[in-house]
Amino acid sequence: MKKLIIATIFLFTLFSNAQNTNTSEKNRITQEEIDLLEYSLDTLANAVVLFESGNTVFKIKNDKIVIETKYFFKIKIFKKEGYDNATFEIPLYNSKNNRETVSNITGFTLNGYEKTYLENSQIFKEKINENWKSVKFTMPNLKEGCIIQVEYVLNSPFKFNLTGWEFQSDIPKKFSQYIASVPGNYVYNRQLKGYLKLKTNSSTVKKNCFRVPGIAGSANCEEIKYEMENIPAFEVEDYMTDKDNFVAKIKFELAETIWFDGTNKKFTTTWEAVDKEFKTDKNVGKQLKKTSYFEKLIPIEIKSLEDELERAKAIYSFIQNHFTWNKKNSIFKNVNVKNAFENKIGNVGEINISLINALKSVGLNTQMVLLSTRNNGNATKVHPIISDFNYIIAKIDIDNKTYLIDATEKLIPFGLLPYRCLNGYGRVMDFENDSYWIDIIPNENSKTSINVFLELKEDGSITGKLRKKYFGYDSYFKRKKIISLIEDDSISEFESSFNDLEVINYEVVNKNKKEKPLTEIFEIQIENFENLNTIFLNPYFDEKLDKNPFKLNNRLYPVDFGYPRKYSTTFSLEVPDNYKIESFPKNISLALPENSGSFKLLVRKNEDYKITLSSNLEINKSIYYNFEYNLLKELFSQTINSQKTPIVLKIR
């Protein structure tokens, strides 16, 4: 029998500057580690991984091929806040015929020179559902300054579950290593994710390393080693998509199996094959053939609309108002548009496939788009991985303009996708031609503007009006919030942001007209200042930035706002003769390169009887990359400092 040759597919160029790492030496606890009081590269860290490793081999056990991975962890805990890192949870998957197992769980906690060993009675099993259970344990005798050491072996019969290795976590790591011996029978695509570089990336071939009893022939193995050192903790910050997109890790995906007799099975497919399969799939293709069903349901007044855009909007409202979303994203199973329509409730697949069918039934050019939501990670573009997708929307082309729409949210206007869908790109499943990628470009007209007109009275009280107008996503989010509250709650919420402010009258314009901007009008009165001799007044009211969302010294992953946004404030205050304008914010003009963002403030004082202020903060891009982070952080910092500065009025 001819021996198999390694044929592993690489998604990145292999290189190696590796030297052999003496694993047993790394496992040994040193006096330096015992005496360690803090981690020099992150002095605020509550704990640090001193050394960790995973070692994977393919073995024959009980006449089955299993993937065996030995795990080792050595962790120094500096503070009580780091005790969470001494709790381990090992998820185990089981199907009808196979199951994963964990064995040889051992460990100890070292305080000084005293070892406290993990007992079997401290290891617990928990059933999560029919397919998952977990094994949990917490290391004993935890104290500040202790070191914990843990080992266990995980056996998996599922060849898809060569899950790779996660180098980065929420605490820093001095050294992390993953070693695997993969028989040439199994061909895996692999991908290095995140923004950190490998210290070691090596690959060698070991001859005739894998045999199956009773079957002639043998396979070579690929011996691979990946290592990283001085790995920073991954810190979650505002304005990011799924953490899984950015954590440093090696991911494996089974592409093909090649058996000793030369037979093979491919698991990585092509988009042409996916398109063909989806055409006949009972949850997708067959559900997209229900146009005649919806044609009977569409009111004649909608069908008779001559303008295509008006017809599309009418269909969108018809489906949107008919359905209630059950908050489930099912797209490849449990999709039945007829049952869903009859019951007036459905999942994402049922609602948006109904929308596509309804649009097609009135002669509009519509396709289905697969996408991955913001909390689901990015879909792989290199080759089809259908499990990457968890959502469906509709694409419609009218007068050479493309609209992406989703009917699951009742308050979302036509052409505006829910925020969860703003995740870069999607795959248009055009079954008449070939499927293709499309960029998801968010609505750029999202803005909040506030106009304030106040008058200071001689007795120190202030009266006036405040008008807040919301556009785009800002309008949607505010409308959703207002509808969920009664009017008195909206007033109380606004008043609670200020001392001594009372709302005399409150009005909402376009509350139930989702296609139009939402406007709030407040008639206000401010009195009973603690010191009438000196009055401090912030012109931004509750629309100012209170804290900088960007705190990291260095952020490797992008800042993803989802959509561009603008905030403008126009303020006017008339002042009586017995008061004078003592001080006010300084004029400022800040701009990011290529007009990607800016903050401008212009203040005018008309002697002592009037002061006006005009302010604009613009975030002109959806995504800012790591090299833009510090400038963006500084823009927010200076904006916050400027908005904190009050107008100061003093009695003469």
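Remarks
- Members of segment 567-588 found to be touching a Ser or Thr at 6+ places or on another chain (Cβ under 7 Å) and either among the small types (Gly, Ala, Ser) or in a strand (DSSP E or B) (or both), listed by number: Tyr567, Ser568, Thr569, Thr570, Phe571, Ser572, Ile588
- Single unsatisfied condition, Phe88 versus (1) under 28 Å from the mean Cα position of the chain (by Cα); (2) under 16 Å from Leu50 (Cα atoms); (3) crowded, with 20+ Cβ neighbours inside 10 Å: (2)
- Some residue of segment 364-376 being under 28 Å from the mean Cα position of the chain (by Cα), within 23 Å of Lys290 (Cα to Cα) and either of a type in the set (Phe, Trp, Tyr) or surrounded by fewer than 17 Cβ atoms within 10 Å (Cβ to Cβ) (or both): no
- A count restricted to segment 328-355 and to residues that are more than 27 Å from the chain's Cα centre (by Cα) and surrounded by 18 or more Cβ atoms within 10 Å (Cβ to Cβ) stands at 5.
- In this entry, Ile526 passes the filter for residues that are of a type in the set (Val, Ile, Thr), modelled with pLDDT under 95 and assigned by TED's automatic domain parsing to the domain that holds Asp488.
- Of the numbered criteria (1) of a type in the set (S, T, N, Q); (2) closer than 17 Å to Met240 by Cβ; (3) modelled with pLDDT of 95 or more, the one Ser572 fails is (2).
- For Glu144, the stated conditions do not hold, so it cannot be described as under 25 Å from Tyr39 (Cα atoms) and either among the aliphatic types (A, V, I, L, M) or more than 34 Å from the chain's Cα centre (by Cα) (or both).
- Residue in segment 631-646 that is of a type in the set (Lys, Arg), touching a residue at least 24 places away in the same chain (Cβ under 8 Å), more than 23 Å from Asp242 (Cα to Cα) and in the same structural domain as Phe453 (by TED's automatic domain parsing) present: yes
- Residues that are touching a residue at least 60 places away in the same chain (Cβ under 8 Å), of a type in the set (A, V, I, L, M) and farther than 14 Å from Phe267 by Cα within segment 383-393 comprise just one, Ile392.
- Selection over segment 189-219 of residues that are of a type outside the set (S, T, N, Q), under 30 Å from Ile75 (Cβ atoms) and out of contact with any helix residue (DSSP H, G or I) (no Cβ under 9 Å at 6 or more places or on another chain) gives a count of 6.
- Phe431 falls short on exactly one of the conditions (1) of a type outside the set (Lys, Arg); (2) surrounded by fewer than 20 Cβ atoms within 10 Å (Cβ to Cβ); (3) at pLDDT 95 or above; (4) not assigned by TED's automatic domain parsing to the domain that holds Lys513, and that condition is (3).
- Those residues of segment 298-341 which are charged (D, E, K, R) and touching a residue at least 40 places away in the same chain (Cβ under 8 Å), in sequence order: Lys303, Glu308, Arg311, Lys313, Lys333, Lys338
- The set of residues in segment 439-450 that are crowded, with 16+ Cβ neighbours inside 10 Å and part of a strand (DSSP E or B) comprises Lys447, Thr448, Ser449, Ile450.
- Some residue of segment 408-415 being crowded, with 21+ Cβ neighbours inside 10 Å and more than 30 Å from Lys650 (Cβ to Cβ): yes
So that you can scan it fast, the table gives a plain yes or no per residue for (1) in contact with a Gly (Cβ under 8 Å, 6 or more places away or on another chain); (2) of a type in the set (Gly, Ala, Ser); (3) farther than 22 Å from Leu422 by Cβ:
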| position | (1), (2), (3) |
| --- | --- |
| Lys338 | no, no, yes |
| Phe341 | no, no, yes |
| Lys344 | no, no, yes |
| Val348 | no, no, no |
| Ile351 | no, no, no |
| Ser361 | no, yes, yes |
| Gln367 | no, no, no |
| Asn378 | yes, no, no |
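- Flag if Ser484 is surrounded by 15 or more Cβ atoms within 10 Å (Cβ to Cβ) and either hydroxyl-bearing (Ser, Thr, Tyr) or under 30 Å from Tyr609 (Cα atoms) (or both): no
- Residues (crowded, with 19+ Cβ neighbours inside 10 Å and not β-branched (Val, Ile, Thr)) located in segment 25-67: Tyr39, Ala45, Asn46, Ala47, Leu50, Phe51, Glu52, Ser53, Gly54, Phe58
- One residue stands out in segment 637-652 among those that are part of a helix (DSSP H, G or I) and surrounded by fewer than 20 Cβ atoms within 10 Å (Cβ to Cβ): the one that is farthest from the chain's Cα centre (by Cα), namely Lys644.
- For segment 418-438, a tally of residues being in a loop (DSSP other than H, G, I, E, B) and farther than 30 Å from Glu272 by Cβ returns 1.
- Residue match in segment 220-230 (condition: touching an Asp or Glu at 6+ places or on another chain (Cβ under 9 Å), hydrophobic (A, V, I, L, M, F, W, C) and either surrounded by fewer than 16 Cβ atoms within 10 Å (Cβ to Cβ) or touching a residue at least 12 places away in the same chain (Cβ under 8 Å) (or both)): no
- Considering (1) modelled with pLDDT of 95 or more; (2) of a type in the set (S, T, N, Q); (3) outside any strand (DSSP E or B), the lone condition that Thr402 does not fulfil carries the number (3).
- Elements of the type strands (runs of 3 or more DSSP E) sitting completely within segment 115-210 and holding at least 2 residues that are in contact (Cβ under 8 Å) with a residue 24 or more places away in the chain and among the hydroxyl-bearing types (Ser, Thr, Tyr): these cover 132-138, 147-156, 173-183, 186-193, 200-210.
- For segment 231-247, the tally of residues that are surrounded by 17 or more Cβ atoms within 10 Å (Cβ to Cβ) and either among the aliphatic types (A, V, I, L, M) or without any contact (Cβ under 8 Å) to a residue 40 or more places away in the chain (or both) stands at 3.
- Residue check for Ser95: touching a residue at least 24 places away in the same chain (Cβ under 8 Å), loosely packed, with under 12 Cβ neighbours inside 10 Å, farther than 24 Å from Ala233 by Cα and within 32 Å of the chain's Cα centre (by Cα): yes
- Restricting the first member to segment 248-277 and to residues that are in the same structural domain as Phe210 (by TED's automatic domain parsing), and the second to residues that are assigned to a helix (DSSP H, G or I), the beta-carbon pairs closer than 6 Å and six or more apart or on different chains are Leu254/Lys159; Leu254/Phe160.
The values are calculated or read from the model by the stated rules, or taken from the named source; none is laboratory data. The structure displayed is predicted, hence computed values, not measured ones. All Cβ positions, even for glycine, are placed from backbone atoms using ideal geometry, and neighbour counts span all protein chains on display.
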